[in-house]
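Notes follow the structure.
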Amino acid sequence: MVAEVPWTLLACLAYAGNVCIGTASLRGRRVPRSWHGRVFLVALALTAIAAATSFPEHGARGAALIVALVPLLTLPFVGRPVRRRPSTHIIIGLVAAPCFAIALLLWAVAAF
């Protein structure tokens, strides 16, 4: 049952949603910064679950998700202070984007 859930798709959507919320928050929209942090935690958890459930059948997809976890896990410690230097936070956060794209592509190839 757990293997049937599209964890990779959910992780990619959560990551994309987090990027959108962060961008809106940075551009001065009325988006509470706490949403960005909460969606970040959801994206982190879904990525870890997707990576764990990808093994052993889909090792390449799991590896891509593990590589995506590295910048995400370092982001709260390295990307501060965001208000003074948002570019560092943005660059570290977007380093994971190609890994999510690869994982999503591998998931789509396997699913269809």
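The values are calculated or read from the model by the stated rules, or taken from the named source; none is laboratory data. Since this is a predicted model, take the numbers as computed values, not measurements. All Cβ positions, glycine included, derive from the backbone under ideal geometry; neighbour counts span all protein chains shown. These accessible areas exclude ligands, DNA and RNA; they are computed on the full protein's heavy atoms, side chains included. Shrake-Rupley method; radii C 1.70, N 1.55, O 1.52, S 1.80 Å.
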> Just going by the charge dipole of region 1-93, with Lys and Arg at +1 and Asp and Glu at -1 on Cβ, which of 86, 41, 18 is farthest out on the positive end?
Replying inline: 86
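Round to the nearest 0.05 the FRET efficiency obtained for residue 97 and residue 4 when R0 = 41 Å and r is the Cβ-Cβ distance. Don't skip to the answer; put the middle values down first.
On the way: r = 27 Å, r/R0 = 0.65.
Calculated value: 0.95.
When you have a sec, figure out the Kirkwood radius of the chain from all distinct Cα pair distances and drop it here in Å to one decimal? Kindly include the intermediate steps, with their values, before the conclusion.
Numbers: mean 1/r = 0.0699 Å⁻¹.
Computed over Cα pairs of the chain, the Kirkwood hydrodynamic radius comes out at 14.3 Å.
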> How large, in percent, is the carbon and sulfur part of the accessible surface of the chain at a probe radius of 1.4 Å?
Replying inline: 72 percent
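How much length would be gained if the chain were fully extended between residue 84 and residue 20, taking 0.36 nm per residue of separation minus their Cα-Cα distance, in nm to one decimal?
The residue 84-residue 20 span can extend by a further 21.0 nm.
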>> With a cut-off of 8 Å between alpha carbons and a minimum separation of six or more residues, what is the relative contact order of the chain in percent?
In response: 26 percent
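Enter the accessible area per residue of the chain (Å², integer; probe 1.4 Å; all protein chains in place).
Details: 6980 Å² over 112 residues.
Accessible surface, normalised per residue, equals 62 Å².
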> Helices from the chain with mean Kyte-Doolittle at least -1.0 and a Cα length along the axis of 30 Å or more, per DSSP H: which?
Replying inline: 33-54
